[in-house]
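J.: To start, I am sharing the structure in question, which I have written as structure tokens.
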Amino acid sequence: MGSDAAAVSTVREAARMTWEESKRVWGIGMPIAIAGLSIYAVGSVTTIFVGHLGNLPLAAASIGLSVFATFSLGFFLGMGSALETLCGQAFGAGQVSMLGVYLQRSWIILAVAALLMDGWRGWSMAAFNDMWAFVRLSLESAVMICLEIWYLSTITVLTGNLQDAQIAVDSLGVCMNINGWENMIFIGINAAISVRVSNELGAGRPRAAMHAVIVIIAESLLIGLLCMALVLIFRDNFAIIYTTDLELQHAVSKIAGLLGLTMVLNSVQPVVSGVAVGGGWQGLVAYINLGCYYVLGLPLGYLLGYKFNYGVGGIWAGMLCGIALQTLILLFIVWRTDWNAEAALASSRVQKWGGTDGTKPLLEDD
């Protein structure tokens with residue numbers, strides 16, 4: 001294990017640390033974001049084309065793309081995210097040989113094809129050791145991710161029962177389609193901060209992990225504020241891309257403020273979720289998501305939308321309260337985190353799950 005990052009005590013040192021950490025994070029996150037944007041563009045452009053066929057086809061496309069695809073994706077994406085915690089910490093600790101073992105365990109659990117990687121050394125009986133702990137972390141990851149991914153998709157489901165459901169679903173679909181472009185960027189950042197935190201904790205470098213978290217939260221917030229500003233500036237115009245219907249354009253303009261606020265919250269929330277994955281906090285975050293999203297946000301959105309007759313704006317605003325509370329709680333947890341203790345826990349996890357096949361670290365200090 002290498003020495004930890006130096007303490008930051010001057011503005012110049014802070015600037016240097018920010019620059020170096022930004023290069024690391026964006027070096028990991030940018031390719032993932034570009035890949036995500038490329039894939040997302042297919043569905044987004046499809047929605048644009050369908051929108052010019054009429055409001056009803058646009059509503060159907062919005063439901064299909066934002067609800068059904070999302071619900072089917074969430075569980076397996078979550079189950080696989082356990083590898084982000086374990087592989088990242090094992091790599092940071094120099095236990096490269098365990099990457100293949102962890103992959104095999106995930107293969108066994110998910111029953112999907114395993115991909116060859118640098119850490120693959122063929123099948124190992126170590127893949128079957130301590131399987132329940134791996135299953136538990138995978139399930140915690142799946143629950144955490146599903147509760148996050150499915151939450152915003154339920155807005156479309158609730159909106160479908162409003163009086164003017166077609167316009168409501170269409171306006172929400174346009175906004176969610178715009179929001180999806182930003183989400184693809186933060187999927188990359190989420191993965192990058194997860195890798196950075198897990199690597200540094202596994203390597204026994206708690207201060208470096210803390211620096212990564214501080215830098216990327218600040219940069220992500222700036223990106224979110226920029227996106228919100230663009231949405232507010234063009235709130236009366238961007239719906240033209242999707243439809244020529246003036247009523248729908250006006251409906252989109254009315255809820256554009258909520259879209260801007262969503263973009264700010266969704267700039268920070270994926271980062272703190274990525275920190276949670278990197279640190280192995282999935283179980284804790286799953287409980288937080290359950291309480292904030294489904295105990296507070298969803299009922300509040302229903303009350304505002306239906307009982308107080310605020311329509312789609314009320315549903316969205318209520319559910320944003322759940323996201324805001326979850327983000328604040330996670331930020332507080334990150335702020336109060338004892339990174340030295342987290343590094344020790346990561347080391348213990350790697351020793352417990354990584355030393356059972358008799359292999360030695362491939363990356364050792366000189």
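J.: Pick out the one residue from S141, S198, S171 that is of a type in the set (G, A, S), modelled with pLDDT of 80 or more, within 24 Å of Q351 (Cβ to Cβ) and part of a helix (DSSP H, G or I).
T.: Matching residue, one of S141, S198, S171: S198.
Conditions (1) aliphatic (A, V, I, L, M); (2) under 19 Å from L222 (Cβ atoms); (3) modelled with pLDDT under 90; (4) touching a His at 6+ places or on another chain (Cβ under 8 Å), marked per residue:
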{"residue": "M1", "(1), (2), (3), (4)": "yes, no, yes, no"}
{"residue": "D4", "(1), (2), (3), (4)": "no, no, yes, no"}
{"residue": "A15", "(1), (2), (3), (4)": "yes, yes, no, no"}
{"residue": "T18", "(1), (2), (3), (4)": "no, yes, no, no"}
{"residue": "S22", "(1), (2), (3), (4)": "no, yes, no, no"}
{"residue": "G27", "(1), (2), (3), (4)": "no, yes, no, no"}
{"residue": "I32", "(1), (2), (3), (4)": "yes, no, yes, no"}
{"residue": "Y40", "(1), (2), (3), (4)": "no, no, yes, no"}
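J.: Taking into account only those residues within the stretch 283-310 that are surrounded by fewer than 17 Cβ atoms within 10 Å (Cβ to Cβ) and among the small types (G, A, S), which is farthest from A168 (Cα to Cα)?
T.: Restricting to residues being surrounded by fewer than 17 Cβ atoms within 10 Å (Cβ to Cβ) and among the small types (G, A, S), the top hit is G283.
J.: May I pose another question? Name the residue, out of L225, L258, L248, that is surrounded by fewer than 18 Cβ atoms within 10 Å (Cβ to Cβ) and part of a helix (DSSP H, G or I).
T.: Criteria check complete, one pass: L225.
J.: May I ask you to list pairs of residues, at least six apart or on different chains, whose Cβ atoms are under 6 Å apart, with the first in the stretch 37-63 being closer than 19 Å to D245 by Cβ and the second being among the hydroxyl-bearing types (S, T, Y) and at pLDDT 80 or above?
T.: Final answer for the pair search is I48/Y242; G51/Y242; G51/T243; A61/T47.
J.: State which residue pairs qualify: first residue within 12 Å of G280 (Cβ to Cβ) and of a type outside the set (G, A, S) and inside the stretch 339-358, second residue assigned to a helix (DSSP H, G or I) and at pLDDT below 80 in any location, beta carbons under 6 Å apart, and separation of 6 or more residues or different chains.
T.: V350/Q89; V350/A90
J.: Shifting gears a bit: Could you say which residue among A251, A239, A276, A203 is modelled with pLDDT under 90 and over 22 Å from the mean Cα position of the chain (by Cα)?
T.: Testing whether each residue is modelled with pLDDT under 90 and over 22 Å from the mean Cα position of the chain (by Cα) leaves just A203.
J.: Out of I178, I187, I193, report the one residue that is touching a Phe, Trp or Tyr at 6+ places or on another chain (Cβ under 8 Å), closer than 19 Å to V264 by Cα and either at pLDDT below 90 or assigned to a helix (DSSP H, G or I) (or both).
T.: I178
J.: Here are some conditions: (1) in a helix (DSSP H, G or I); (2) free of Cβ contacts under 8 Å to residues at least 40 places away in the same chain; (3) over 30 Å from A93 (Cα atoms). A239 meets all but one. Which one does it not meet?
T.: Against the list (1) in a helix (DSSP H, G or I); (2) free of Cβ contacts under 8 Å to residues at least 40 places away in the same chain; (3) over 30 Å from A93 (Cα atoms), A239 comes up short only on (2).
J.: Taking the criterion of being buried (at least 19 other Cβ atoms within 10 Å of the Cβ) and under 22 Å from E148 (Cβ atoms), would at least one residue in the stretch 347-355 satisfy it?
T.: no
J.: Restricting the search to the stretch 144-169, which residues are farther than 20 Å from L304 by Cβ and surrounded by 24 or more Cβ atoms within 10 Å (Cβ to Cβ)?
T.: Answer for the stretch 144-169, where residues must be farther than 20 Å from L304 by Cβ and surrounded by 24 or more Cβ atoms within 10 Å (Cβ to Cβ): M144, I145.
J.: Then there's this: Before we move on, is Y287 among the hydroxyl-bearing types (S, T, Y) and farther than 30 Å from R349 by Cα?
T.: No.
J.: Also: Checking L232 against (1) in a helix (DSSP H, G or I); (2) crowded, with 21+ Cβ neighbours inside 10 Å, only one condition comes out false. Which one?
T.: (2)
J.: Also: Output the qualifying pairs, or none if there are none: Cβ atoms under 8 angstrom, residues six or more apart or on different chains, first residue in the stretch 311-327 and within 17 Å of V285 (Cα to Cα), second residue of a type in the set (S, T, N, Q) and part of a helix (DSSP H, G or I).
T.: I323/T262; I323/N266; I323/Q269; Q326/Q269; Q326/N289; T327/Q269
J.: Same structure again: Checking S9 against (1) part of a helix (DSSP H, G or I); (2) surrounded by fewer than 17 Cβ atoms within 10 Å (Cβ to Cβ), which test does it fail?
T.: (1)
J.: Oh, and also: Of the residues N266, N340, only one is closer than 22 Å to I223 by Cβ, polar (S, T, N, Q) and assigned to a helix (DSSP H, G or I); which?
T.: Just one listed residue meets the conditions, N266.
The values are calculated or read from the model by the stated rules, or taken from the named source; none is laboratory data. All figures in this text were calculated on a predicted structure; none of them were measured in a lab. Counting neighbours? That spans all protein chains shown, and the Cβs are built from the backbone with ideal geometry, glycine included.
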